Amino acid sequence: MDEDGRPRTEAALRRSHYTPAMARELPMFEAAPAGHVPHQRPELPISIGGGSAGVPAADGSVALRRHPDWIRARMPSGDNFHELKGLLRGLDLNTVCEEAHCPNIGECWDQRTATIMILGDTCTRACGFCAVKTGRPTWFDDDEPRRVAEAVAQLGLEHVVVTSVARDDLPDGGSRIFAETILAMRATSPGMGIEVLIPDFDGSDDRLRTVMDARPDILNHNLETVKRLQKPVRKRARWDRSLYVLARAKDMARGIGYPVHTKSSLMVGLGESRDELTEAFEALRVADVDILTIGQYLRPSLKHLPLERYYHPDEFAEMKVEALALGFKHVESAPLVRSSYHARDQVPGAELKRLRRQATLDAEGRVVPLAG
């Protein structure tokens, strides 16, 4: 029976046995019976997530000894993964897959999708969630676009995501290097999907236009969290500025007549409410964002923002349904989803490319599905 004296559904009973024993319980999603109107969850302090592996954080809280069973990444394996790893080492490329400790590195690299990080590995901003190194950058290389394009061509990627650390120290925020990298990759890998995950460029139209004129397939800028939590999570970023960048990118795409999709990402588990997430979904749709990714925040270290709670996979499924109903063209929503997850399936024309990957030619040159 539930707290209202009603019989619990079979699904709810399964979930009640789903979470393993932990050193310290975090609030978990529990689906309400059909017809039940859920009460508003109380606001919880953001420090409840705690430190790591039983070690107290500075706020005195202690983290779980282990994640729930559904927080389980695929082990990196497969010929493609090992080949890409070797090539990346030899070409001396930075990838956010490694720098940000992405849990999906095995799956993405095995599908020949990677996220290249340009403009060095030191960020001028110190966001509360991010594992990338922060400080005063000293690295800059005008030849980087050519080197990245040649390296990516050697990798034989089907889809590449190019991102960067924030470079507030540069006069153009790094926008020129983004644009030149896109153009160089188009020349060396004409059939490859190109997505750029950009910083906010301080809301500069000129910097954004520099990138958009290079015509990426997907322009990604992450909102990251709900409006109330922007300051502790993103520090120097601004909610309204990020929404402006996304809206202007779509306006510029229309102006140049190129079908650029816009995309953004949200993390959950930092203390937001579902109403606040709905507000974020709606704000992104007002900005005409096409693609949304939603994933679970996982604390990289004791120096980062504590985790407040884990969301159950069922709740991610609910958020996907809600977001699609608002008009997003594509939504990825699951615990281990990150900004570039399944990126190759989101680029314009991706469905046709997917069908081609699953097909072959018969003796007369006709496209037919692969057997089995």
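The values are calculated or read from the model by the stated rules, or taken from the named source; none is laboratory data. Here the structure is a predicted model, which means the values were calculated and not measured. Every residue, glycine among them, receives a Cβ derived from its backbone with ideal geometry; neighbour counts consider all protein chains shown. Accessible surface is based on the protein model in full, side chains and every heavy atom, while ligands, DNA and RNA are left aside. Shrake-Rupley method; radii C 1.70, N 1.55, O 1.52, S 1.80 Å.
Computed values, structure above
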| item | result |
| --- | --- |
| Per-region count, region 151-167, residues assigned to a loop (DSSP other than H, G, I, E, B), crowded, with 20+ Cβ neighbours inside 10 Å and not charged (D, E, K, R) | 3 |
| Close pairs (8 angstrom Cβ cut-off, 6 or more residues apart or separate chains): surrounded by 20 or more Cβ atoms within 10 Å (Cβ to Cβ) and in a loop (DSSP other than H, G, I, E, B) in region 168-181, modelled with pLDDT of 90 or more and among the charged types (D, E, K, R) anywhere | Gly173/Asp202; Gly173/Arg207 |
| The lone exception for Phe281 - which of (1) in a loop (DSSP other than H, G, I, E, B); (2) crowded, with 18+ Cβ neighbours inside 10 Å it fails | (1) |
| Some residue of region 243-257 being more than 18 Å from the chain's Cα centre (by Cα), touching a residue at least 60 places away in the same chain (Cβ under 8 Å) and not in a helix (DSSP H, G or I) | no |
| Top-ranked residue of region 204-241 - restricted to ones that are at pLDDT 95 or above and small (Gly, Ala, Ser), ranked as least open to solvent (accessible area, probe 1.4 Å) | Ala214 |
| Output for region 135-150, where each listed residue is open to solvent by less than 20 Å² (accessible area, probe 1.4 Å) and of a type in the set (Gly, Ala, Ser) | Ala149 |
| Qualifying positions in region 199-215 - within 20 Å of Arg234 (Cα to Cα), in contact with a helix residue (DSSP H, G or I) (Cβ under 6 Å, 6 or more places away or on another chain) and not in a helix (DSSP H, G or I) | Asp200 |
| Output for region 284-304, where each listed residue is open to solvent by 30 Å² or more (accessible area, probe 1.4 Å), outside any helix (DSSP H, G or I) and either under 12 Å from Lys227 (Cα atoms) or in contact with a helix residue (DSSP H, G or I) (Cβ under 9 Å, 6 or more places away or on another chain) (or both) | Asp288, Arg299 |
| Any hit, region 271-292, residues being in contact with a Ser or Thr (Cβ under 9 Å, 6 or more places away or on another chain) and of a type in the set (Lys, Arg) | no |
| Conditions (1) in contact with a helix residue (DSSP H, G or I) (Cβ under 9 Å, 6 or more places away or on another chain); (2) in contact (Cβ under 8 Å) with a residue 60 or more places away in the chain; (3) buried (at least 18 other Cβ atoms within 10 Å of the Cβ); (4) not aliphatic (A, V, I, L, M): number failed by Ser265 | (1) |
| Complete set of residues in region 183-193 that are surrounded by 22 or more Cβ atoms within 10 Å (Cβ to Cβ) and either aliphatic (A, V, I, L, M) or touching a Gly at 6+ places or on another chain (Cβ under 7 Å) (or both) | Met185 |
